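Contents: one structure, followed by commentary.
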Amino acid sequence: MKFTSSLDIDRVLSEYDCLSTRVYTEMLSKCGFISGKEKKELLDVLDELSLKIKEGSLPLEGHEDIHSVIQDYVEKRAPEAAKKMHTGRSRNEQVVNDVRLYCRDSIERVKGLIVDFQRELTDLAGRTMDIIIPGYTHLNRAQPVLFAHLVMAYVEMLQRDLQRLEDAGRRSDISVMGSGAIAGSALELDRRFIAEKLGFRNISANSIDAVSDRDFIAELIAALCFIAVHLSRICEDLILYSIPEFGFLEVGMDYCTGSSLMPQKKNPDVLELVRGRSSRLISALNSLFVLLKGLPHSYNRDLQEDKKPLFESVELVSEELAIMAGLVRTVRLKKEEALKMLEDEFIYATDLAEYLVRRGVAFADAHEAVGRIVRHCAENNISISDMSVPELKDFSEKLEEDVYGLLNPETSIGNKRTAGSTNPEFVKKEIAGWKKRLKG
């Protein structure tokens, strides 16, 4: 019993199993398999049971799974009527239906947490619109960008995560009750009634597939993996930008710890744990795929092992989204520190190349000319602004006095013209659009 019991895991499904049993009882009555008196007796016991589940007072010891707990409870209080409660029903279909209900609710919960986090990020972007930072590619300074532009990139990532959840939700939203153990039932059971009462969009089309399908679980965990990976990347940015080598961002002390030895340390432990625990989501998905890959049709007891990775993944991502929403409220930017990093004039090299393009120089030639200017400055330990106009003209005749005006962050971001760029006007519109979108 100890080895085969799944009760420690599937007790999460207790409310769903009680609800499904209630609806199944109503269906049996509708189809004439139990009397009105038996229906009332069973529903009264199930109401009592539901209350105990909510209170956490349901006795669980000595049972194989949550389904047998509920069956046993009803049998003790309504022994004759309980004999009919399982008419035409198998635990094979019962557990899948319960998990589908769980997935449907979990998806809505996680979507709500994503939206809460998006709101906090959009607020952070709005209050940091005056902060320009170096943008990075290959972890090297690339071009100036608004910090708000980076933050809104996180909002876009999370929106795709939300869409993936919605997509997974469509394949979770299917009732399998009435499929039996594998072949369906010879009894006239009203599958549509069950689906409608439980709020499912549709019923499954094939009884063999219905009891053995776990694609919907794998798809949900995959969607959760994307969230975890995106959270990990956000954490990596915040960690990097907060260390002295970057130094233009600070996370509130409530989300950091000190060192046990070094008094000066402020460690971003929460960010590191969110980043680190993404590995648990990826492992959960991998374990489920390995579980499924060699199973013959239809149901096998191996499938008992599908719920632990699902439940843990949902709870972990939910916890991380909630804590990250709180953490970003404490983020503070150090404008002066960011501006110091933007004194590196090489970060404006692309601006110089595009300056030349606007003056009729082919981009390849412009790229080559500016590259030679940068190499010249690096070899002589000087800045671009240290060079005179005649010296600049040695590299391209098209360079004029106004080129020096390009060597500052405000001009750089203000000159951007493409939709979706870091131009402040575009970013303001993006923030306003998202605030309106996230309002309701």
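None of the figures in this text is laboratory data; all of them are computed from the coordinates on show. If you're wondering where the values come from, they're calculated on a predicted model, not measured in any experiment. Reconstructed Cβ throughout: ideal geometry from the backbone, glycine too, with neighbour counts over all protein chains shown.
The packing ranking, built from the mean of other Cβ atoms within 10 Å per residue, places the peptides 16-23, 140-147, 246-253, 395-402 in the order 16-23, 140-147, 246-253, 395-402, highest first. log₁₀ I(q)/I(0) of region 7-87 at q = 0.24, 0.26 Å⁻¹, via Debye over equal Cα point scatterers, no solvent, to two decimals? Each listed q maps to, in turn, -1.14, -1.30. Set against the labelled values [x] 21.5, 75; [y] 22.0, 70; [z] 30.1, 102, Rg and Dmax of the Cα atoms in Å computed from this structure falls on [z].
Here is the list for region 323-378: GluC sites (Glu not before Pro) lying in DSSP coil, each with at most 14 other C-beta atoms within 10 angstrom of its C-beta, are Glu343.
Across region 231-332, the volume of the C-alpha convex hull divided among the residues equals 122 Å³ per residue. Summing charges over neighbours of Ser172, with a neighbour being any other residue whose Cβ is under 9 Å away from its Cβ, gives +2 when K and R count +1 and D and E count -1. Cα-Cα pairs above 27 Å in region 301-440: how many percent? So the pairs more than 27 Å apart make up 48 percent of the total in region 301-440. Kindly express, to the nearest 10 degrees and within the range 0 to 90, the angle between helix 349-358's C-alpha long axis and the longest C-alpha principal axis of the chain. Once rounded, one gets 70 degrees. GNM on the chain, alpha-carbon springs under 10 angstrom: the most fluctuating residue among Thr87, Thr411, Thr137 is Thr137. I'd like the GluC sites (Glu not before Pro) in region 24-126 restricted to DSSP loop residues with at most 11 other Cβ atoms within 10 Å, sorted by number. Qualifying residues, ordered by number: Glu61.
Ordering 285-296, 195-206, 229-240 by mean Cβ neighbour count within 10 Å, with the highest value first, yields 229-240, 195-206, 285-296.
Bridging of Lys266 to lysines at a Cα separation below 25 Å is possible for Lys334, Lys335, Lys340, once same-chain residues fewer than 8 apart are set aside. Choose one answer from Ser260, Ser29, Ser242: the residue with the largest mean-square fluctuation in a GNM of the chain with alpha-carbon springs under 10 Å. Comparing Ser260, Ser29, Ser242 in a Gaussian network model of the chain, the most mobile one is Ser260. Between the beta carbons of Arg233 and Leu51, assuming R0 = 41 Å, the FRET efficiency works out to 0.40 to the nearest 0.05.
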